[in-house]
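The values are calculated or read from the model by the stated rules, or taken from the named source; none is laboratory data. As the structure is a prediction and not an experimental result, all values here were calculated from the model. Backbone-built Cβ (ideal geometry, glycine too); neighbour counts: all protein chains shown. Surface areas here come from the heavy atoms of the whole protein model, side chains and all, with no ligands, DNA or RNA. Shrake-Rupley method; radii C 1.70, N 1.55, O 1.52, S 1.80 Å.
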Amino acid sequence: MKLITTHVGADFDSLASMVAARKLYREGTLCFSGAASRNVRDFLKRHGSRLTVQTPRKIPLEAISTLIVVDVRSLSRIGPFAEVALRPRV
């Protein structure tokens with residue numbers, strides 16, 4: 001599985017970066033690494049039918065083969081996906 005994620009507390013530029021990465025990795029699954037900001041959550045409630053973003057609980061970490069990380073400078077900011085990023089085969 002190819003997973004596209006961003007930092008915990010995702011804001012609109014994070015969401016936009018994830019959507020842009022999805023243009024490059026069509027088979028990628030969008031997933032927040034933790035809770036999104038309130039504005040992003042409200043936006044997805046209104047327009048969520050056009051954009052599907054998973055939560056970490058719904059993603060089996062062992063199934064991730066490629067991790068695409070956007071809008072992040074430190075692994076400590078991607079929550080449960082930090083351990084995945086350190087795997088030799090990912």
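Applying the Karplus relation 6.51 cos²θ - 1.76 cosθ + 1.60 with θ = phi - 60° to region 68-77 yields 3J(HN,Hα) values of 9, 10, 10, 6, 9, 10, 9, 4, 5, 8 Hz, where x marks Gly and Pro. Here the label points at residue 27 and residue 54, each 7 Å from Cα along the C-beta direction, are separated by 1.4 nm in the simple model.
Excluding residue 43 itself, what net charge comes from residues whose Cβ is under 12 Å from its Cβ, given Lys and Arg +1 and Asp and Glu -1? Surrounding charge for residue 43 is +3. When a 1.4 Å probe is rolled over the protein heavy atoms, the share of accessible surface on the chain that falls to carbon and sulfur comes to 51 percent. For region 1-67, averaging the sequence separation of C-alpha pairs within contact (under 8 Å, six or more residues apart) and dividing by the residue count gives a relative contact order of 43 percent. Along region 85-90 the Karplus relation, 6.51 cos²θ - 1.76 cosθ + 1.60 evaluated at θ = phi - 60°, assigns HN-Hα couplings of 4, 8, 5, x, 8, 9 Hz to successive residues, with x for each Gly and Pro.
Cross-link reach is defined here as a Cα-Cα straight distance under 20 Å, omitting same-chain residues fewer than 8 places apart; for residue 58 the lysines meeting it are 2, 45. Name the shape class, rounded, prolate or oblate, that the alpha-carbon gyration tensor gives for region 17-65, where a ≥ b ≥ c are the square roots of its eigenvalues, rounded holds for a/c under 1.5, and otherwise prolate holds if a/b is larger than b/c and oblate otherwise. Oblate shape, in that a/c is at least 1.5 and b/c is the bigger or equal ratio.
Of the labelled figures (1) 12.2, 39; (2) 14.7, 44; (3) 13.6, 47, only one reflects Rg and Dmax of the Cα atoms in Å as derived from the coordinates, namely (1).
Among the trypsin sites (Lys or Arg not before Pro) within region 1-37, those in coil by DSSP and having at most 13 neighbouring Cβ atoms inside 10 Å are 26. Based on DSSP H segments of at least four residues, each scored -39500 (n - 2.57), the chain has a per-residue ellipticity at 222 nm of -8500 deg cm²/dmol.
The C-alpha atoms of the chain define a longest principal axis, and helix 38-47 lies at about 70 degrees to it.
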